[in-house]
Amino acid sequence: MGANPPPLPGQVGLRPWRLVLVFVSVALMMGGATWLRLSGPNAMPYGCMLNQLTGLHCPGCGMTRASHAMLEGRVMDAMRFNPVGMVLLPILGVALGIEVLAWVRGTVPKRRIPIGKHGAVTLLVVVVAFGVLRNLPWWPFSLLAPH
Amino acid sequence: MQWYYSNDGNQQGPVSEDEIKAKIASGALKSSDLVWKDGMPGWVPLSQVPELRAAQPGAVSSVPSVPSATEGDTTRAEASPYQTPNSPVVPAQNNFSNSADIPSYMWQSIAATILCCLPFGVVAIVYAAKVDGLKQVGDLAGAREASKKAKLWVNLSAGVILVLIVLGMIGNLMEFLNSGR
């Protein structure tokens, strides 16, 4: 008698180093956001290498400008720069946040944002199609290009 | 014997065997809730513990089905679950805890695909999509294998994205310093 029960499945306990890693990452991201807010979206000397070499707009094109617009509270401008990113990335952020919180606690998330095989494929198709369509130079597709 | 039980993922107890049986009979504990006592290798769903099964509301209805049994028969019928060796319980317990612990890494795979590395990410998504299907079929070994592969490709993507970020920062920083001169 007197033995303590083993930890419940999915309850292993806090992982300090994971917590440190998350804090460092969040601090880096906040530092990056502050830098972006202060110096503007065009402060990067290179910008996007792919765009410079090919002139194409990839699905992520305009996200720096969109993030900067969001930091200044200009939601409509952000949507003009990258509408799909502005919708998708917050969802992705929440979904990954759930995973990271559980990871730090050494457990598995109790609830996730539900997405199955078909949901994942749909997201992929949307992103790839967006990347193709926004390079078409005619209306209405030209609205999808960062402008 | 003192019992521990879990309620919504929180450990409760210790309570006496009479107390836990009362809780089971009242419906406060479901058959899927985990229980443990000293000597057991790990937490086990209530439904797989023979000595507590008799207290479950569902099990009560099966008792009147043998009302004509003699006293000797009854004890033998009761004894058989008691005599069940630990071995069948242990794999069942392992299955239970592991099935919940096999992550599909689906959101991580999607993030890898969208944020960085489409080819790697798609491979990760393919494996991630397999995990839940294999779990439902009961192929836990296969699910664990697919989960590992999904994790591998997600980690590979994470490595690539880190390298790209660092390279981009170095390139931009050098350009920034050069233009300052």
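The values are calculated or read from the model by the stated rules, or taken from the named source; none is laboratory data. In this text, all values refer to a predicted model and were calculated from it rather than measured experimentally. Neighbour counts run over all protein chains shown; Cβ positions are idealised from the backbone, glycine included.
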Which pairs turn up if I take residues in segment B:20-39 that are within 12 Å of chain A (Cβ to nearest Cβ) and within 11 Å of residue B:52 (Cα to Cα) and look for partners that are assigned to a helix (DSSP H, G or I) and modelled with pLDDT under 85 with beta carbon separation below 7 Å, at least 6 apart in sequence or on another chain? B:35/B:46; B:35/B:52
Only one of (1) surrounded by fewer than 14 Cβ atoms within 10 Å (Cβ to Cβ); (2) at pLDDT 70 or above fails for residue B:42. Which number is that? (1)
Mind telling me which of the residues A:131, A:119, A:93 ends up being within 23 Å of residue B:151 (Cβ to Cβ), out of contact with any helix residue (DSSP H, G or I) (no Cβ under 7 Å at 6 or more places or on another chain) and surrounded by 13 or more Cβ atoms within 10 Å (Cβ to Cβ)? A:119
Does residue B:166 meet the test of being at pLDDT 90 or above, part of a helix (DSSP H, G or I), surrounded by fewer than 17 Cβ atoms within 10 Å (Cβ to Cβ) and of a type outside the set (Phe, Trp, Tyr)? no
Criterion: touching a strand residue (DSSP E or B) at 6+ places or on another chain (Cβ under 6 Å) and without any contact (Cβ under 8 Å) to a residue 40 or more places away in the chain - qualifying residue of A:45, A:16, A:5: A:5
Out of the residues in segment B:99-121 that are β-branched (Val, Ile, Thr) and at the interface with another protein chain (Cβ under 7 Å from one of its Cβ atoms), which is nearest to residue B:145 (Cα to Cα)? B:110
Are there helices (runs of 4 or more DSSP H) fully within segment A:43-147 with at least 2 residues that are within 12 Å of chain B (Cβ to nearest Cβ), more than 29 Å from residue B:170 (Cβ to Cβ) and β-branched (Val, Ile, Thr)? List them. A:83-104, A:117-133
Given the criteria touching a Gly at 6+ places or on another chain (Cβ under 9 Å) and part of a helix (DSSP H, G or I), does residue B:143 qualify? yes
Take the residues in segment B:26-39 that are surrounded by fewer than 21 Cβ atoms within 10 Å (Cβ to Cβ) and under 16 Å from the mean Cα position of the chain (by Cα); name whichever of them is nearest to residue B:14 (Cα to Cα). B:33
Scan segment B:47-56 for residues that are surrounded by 21 or more Cβ atoms within 10 Å (Cβ to Cβ) and assigned to a helix (DSSP H, G or I) and jot them down. B:52
